[in-house]
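Here the structure is laid out as structure tokens; the discussion comes afterwards.
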Amino acid sequence: MLDRDNRRLVSALDDSLTPSSPTARWVLLPVAVPLGTAALGTDALFVHPVSVVPDAFGDAVELLWTSDEESSLRKALFTPLAAAATPLVFAGAWLFRATWPVEPRRDDGSGELR
């Protein structure tokens, strides 16, 4: 939660509700601290883990299902193993992306996520 991109609710609150006056900040501090704490907890427990699901799925697809240099026979033999490993690779990628600040995958227009 140290990366600003991973704190979507807290960043939205900072951008939209932060007063410009230092006096107003001090006056609103009793409201801002509990609200910010709740937003940070919601970001950490719900929003960020849900937001990395597509990236984790893309990681699993890229690792297990995308290969240009395999023969058709090797792809056919590897398919049952890839199908069995997909949930495990997805879960590992999701847990890693939900825990550590990892750059999100980007679509470069070629149809393949990077």
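The values are calculated or read from the model by the stated rules, or taken from the named source; none is laboratory data. Keep in mind the model is a prediction, meaning the values are calculated, not measured. So basically every Cβ, Gly included, is an ideal-geometry build from the backbone, and we count neighbours across all protein chains shown.
Among the residues of segment 37-72, those identified as under 19 Å from GLU103 (Cα atoms) and charged (D, E, K, R) are ASP43, ASP55, ASP59, GLU62.
Among the residues making up segment 85-95, those that are surrounded by 11 or more Cβ atoms within 10 Å (Cβ to Cβ) and more than 18 Å from LEU45 (Cα to Cα) are ALA85, THR86, LEU88, VAL89, PHE90. Applying the selection to segment 3-43, what residues are within 24 Å of ARG106 (Cβ to Cβ) and part of a helix (DSSP H, G or I)? Result: ARG4, ASP5, ASN6, ARG8, LEU9, VAL10, SER11, ALA12, ASP15, ASP43. For segment 14-25, the candidate set comprises residues that are surrounded by 11 or more Cβ atoms within 10 Å (Cβ to Cβ) and at pLDDT below 85; within that set, the residue that is nearest to ARG97 (Cα to Cα) is ASP14. Sub-9 Å Cβ pairs linking a first residue in segment 64-82 that is within 24 Å of GLY92 (Cα to Cα) to a second residue that is of a type in the set (Asp, Glu) and at pLDDT below 85, at least 6 apart or interchain, are THR66/GLU112; PHE78/GLU70, ordered by first then second residue.
All of (1) more than 20 Å from ARG7 (Cα to Cα); (2) of a type in the set (A, V, I, L, M); (3) in contact (Cβ under 8 Å) with a residue 40 or more places away in the chain hold for ALA44 with one exception: (1).
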